[in-house]
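Input: a single structure, listed below in structure tokens.
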Amino acid sequence: MWKNIDEKKEAFESEALVHMDTLYNGALKLTYNEEDAKDLVQETYFKAFRFFDQFEPGTSCKAWLFKILKNTFINKYRKKAKQPEHVDYNTVEPFVEIIKDKQYFDSDSLDDSILNNYLSDEINEALSKLSYEFRMILILSDIEGFSYKEIADIMDCPIGTIRSRLSRARKLMFKLLSKYAKQEGYYREEDEE
Amino acid sequence: MNCKIVSEFIAPYINLELSDETHAQINTHLEKCPNCKIEYQAQLGICRLLSEKLERLEAHQGLKEQIMKKTIGSNKRSLCFSEK
């Protein structure tokens, strides 16, 4: 693939290292802890460099890095945290019912001290209350703009699951942010009538 | 197409992940169904809030330098300091 180590380093710099800010933002929203986010990004890049031979040129390197980030997060940081309830992501519940259900919120993993600092805006506060699966799907789809196919690959699950999980995640966010969304002009009161 | 099916397709409708035919069917349904329209507006609002309003932070300089040093063996200012 590469003729020598210098070529590999050059490719890694232009393909992978350019996404450091994006990976850092993703890591912050997964951990809500600055030190954990830094460690997560570092570990992701060390693994990515070690296994860079496995990256297929022409595909999205950002998606490949996010897959490593996700796996690293699950293995390292998620073990101690509460696992999600038994959620059937393939079932689509009525809008009104889902936003009343508390099982999808993850209050245990929230580090309040972080929210008091650089992530203390309404959107981050709402995002931090969701369980990892919902937070991750929103990061990948609505924040980073990955396609469903890329998200399915990153998350190792079928596109149908991605679709219903994303739908549910947005409804939960709406439950938490409807007032803010209206105030900021992202949802109009008259639309409800 | 009934409301239950439309509800399943609202997320991919917003993300333009549907075929032209299904997209058009959802479009037609939303024009005449106030309940599904509410759900659509709510999902769209959240999607837009996340993509447009969320503040993005830059990774710390020290972190970037450390990663560069331990991977490509250099911490010179380069491409990875200019991502926007």
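The values are calculated or read from the model by the stated rules, or taken from the named source; none is laboratory data. For clarity, every value in this text was computed on a predicted model and none was experimentally measured. No Cβ is skipped: glycine too gets one built from the backbone with ideal geometry, and neighbour counts run over all protein chains shown. Remember, those area values only see protein heavy atoms, side chains included, never the ligands or the DNA or RNA. Shrake-Rupley method; radii C 1.70, N 1.55, O 1.52, S 1.80 Å.
For the set B:ARG48, A:ARG50, A:ARG165, B:ARG56, solvent exposure ranked by accessible area (probe 1.4 Å, protein chains only) runs largest to smallest as A:ARG50, B:ARG56, B:ARG48, A:ARG165. Counts of other chain beta carbons within 10 angstrom of each beta carbon in peptide B:9-21 average 4.
For region B:2-25 versus region A:155-183, the inter-centroid distance based on Cα atoms is 15 Å. Of all the accessible heavy-atom surface of region A:5-76, with the other protein chains kept in place and a 1.4 Å probe, what percent is carbon and sulfur? The nonpolar share, carbon plus sulfur, comes to 46 percent. 3J(HN,Hα) along region B:66-72, derived from phi through the Karplus expression 6.51 cos²θ - 1.76 cosθ + 1.60 where θ = phi - 60°, amounts to 5, 5, 4, 4, 7, 10, 8 Hz, with x in place of Gly and Pro.
Positive end of the dipole of chain B (Cβ unit charges, origin at the Cα centre): among B:GLN41, B:HIS60, B:SER74, the Cα lying farthest that way belongs to B:SER74.
Here's how it looks for A:LEU130: its modeled amide H is under 5 Å from those of A:ASP106, which are all 5 or more places away or on a different chain.
Considering region A:5-76 at the alpha-carbon level, its Rg and Dmax are found to be 11.8, 36 Å. For region B:1-72, what does the alpha-carbon gyration tensor say about shape, rounded, prolate or oblate, given a ≥ b ≥ c as the root eigenvalues, a/c under 1.5 as rounded, and a/b over b/c as prolate? Prolate. The peptide list A:55-62, A:166-173, put in order of mean Cβ contacts within 10 Å with the highest first, becomes A:166-173, A:55-62. A 1.4 Å probe run over chain B, with the rest of the protein chains in place, finds 56 Å² accessible per residue. Give me the accessible area buried between chains B and A, both sides summed, with a 1.4 Å probe, in Å² rounded to the nearest 100. Interface area, both chains combined: 4600 Å², rounded to the nearest 100. Each residue of region A:25-31 was assigned a 3J(HN,Hα) from its phi angle through the Karplus expression (A = 6.51, B = -1.76, C = 1.60, θ = phi - 60°), giving 5, x, 5, 4, 6, 7, 9 Hz with x at Gly and Pro. Counting, for every residue in B:63-74, the Cβ atoms of other protein chains within 10 Å of its Cβ and taking the mean gives 6. Helix-only arithmetic for chain B: the sum of -39500 (n - 2.57) across DSSP H runs with n ≥ 4, divided by the residue total, places the mean residue ellipticity at 222 nm at -21000 deg cm²/dmol.
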